[in-house]
Amino acid sequence: MPKVTLLNQSGENVGEIDLTDTVFGIQPNEQALFDVVKAQRATMRQGTHKAKTRAEVRGGGRKPWRQKGTGRARQGSIRSPQWVGGGVVFAPAPRDYTLKINRKVRRLALKSALSLKLKDDSLIVLDNLAFESPKTKAMLEVLEKLQTGKDCLVVLPERDANVERSANNLPNVRVTTVREASVLDIMDADSIITTKDAVKVIEEVLS
């Protein structure tokens, strides 16, 4: 059973916490991680691209010049793809980029991402994370004492307005909850900050 040091907001060691093997101690599945991250990135695409094909562009109904005798190449329409203002060959059309991922694969990818972060010593567990009022300075002090990486993901057991607003002005800090955290968020972050209560929720959801 993997263990991780339990810290307070000042970065001081206050004990240890045992983590579940089946959530934080598995062998990361690279294929599951790849498939889920690819699907999540694909879902972010709007898919609203559009260009007109030769059939959709306006004009070009009359043949520009006769077939023979002009010395020029034969042309049937001024809206052919080679003409300025003509249609686009294989023009992009609006589409849905959503990819289907099985629920078991999503869960495996989430476990793999968490296990990978623990293996890389990028998982920081606090006994509690709370502020009396929203202050960016207070969040900065916590990050400095914890010595986090450039990009940081804070995972809370439930929404906390003070913590969220304290991190709003920090471009490299993202605050989310256990239910909303995605594989892409976890893999993009250099370090994960969570609480012991959030760890319990994660283990309950994924065990």
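What follows is calculated from the coordinates using simple rules that are stated; it is not laboratory data. Here the structure is a predicted model, which means the values were calculated and not measured. No Cβ is skipped: glycine too gets one built from the backbone with ideal geometry, and neighbour counts run over all protein chains shown.
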Among Q31, I78, V142 the positive-end extreme of the charge dipole of the chain (Cβ point charges): I78
Residues of region 95-130 with amide N under 16 Å of the 7 Å Cα→Cβ point at R45: 95-101
Amide H partners (placed H, <5 Å) of L156, local residues excluded: T176, T177, V178
Spin-label model distance (nm) - A93 vs S80, 7 Å beyond Cα toward Cβ: 2.4 nm
Extension gain, K119 back to R54 (0.36 nm per residue minus Cα-Cα distance, nm): 17.9 nm
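Take the Cβ-Cβ distance between K38 and E158 as r, set R0 to 41 Å, and report the resulting FRET efficiency rounded to the nearest 0.05. Mind showing how you got there, number by number?
Numbers: r = 29 Å, r/R0 = 0.72.
That gives a FRET efficiency of 0.90.
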Karplus (6.51, -1.76, 1.60) ³J(HN,Hα), θ = phi - 60°, over region 102-111, in Hz, Gly and Pro reported as x: 5, 4, 5, 5, 4, 5, 5, 5, 5, 5
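Suppose the chain between D151 and V205 were pulled fully straight at 0.36 nm per residue; how much longer would it get relative to their current alpha carbon spacing?
On the way: separation 54, 0.36 × 54 = 19.44 nm, distance 2.53 nm.
Gain on stretching D151 to V205: 16.9 nm.
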For region 165-177, Karplus couplings with θ = phi - 60° (6.51, -1.76, 1.60), whole Hz, Gly/Pro x: 6, 5, 9, 4, 8, 9, x, 9, 10, 10, 10, 9, 10
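Starting from the Kirkwood Rh over alpha-carbon pairs, what translational D in µm² s⁻¹ does region 48-96 have by Stokes-Einstein at 25 °C and 0.890 mPa s? Walk me through the numbers before you get to the answer.
Values: Rh = 12.0 Å.
Rounded to a whole number, D works out at 204 µm²/s.
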√(5λ) per eigenvalue of the Cα gyration tensor, the chain, largest first, Å: 55, 20, 13
Percent breakdown of C-alpha pair distances by 10 Å bin, ordered from the shortest bin, for region 1-75: 13, 15, 16, 15, 10, 9, 8, 8, 6, 0
Whole-Hz couplings from phi, Karplus 6.51/-1.76/1.60, listed for region 140-150; x for Gly and Pro: 4, 4, 5, 5, 5, 6, 8, 6, 7, x, 5
Between region 50-69 and region 1-32, the alpha-carbon center distance in angstrom: 65 Å
Most mobile of Q67, Q147, Q27 in a GNM of the chain (Cα contacts under 10 Å): Q67
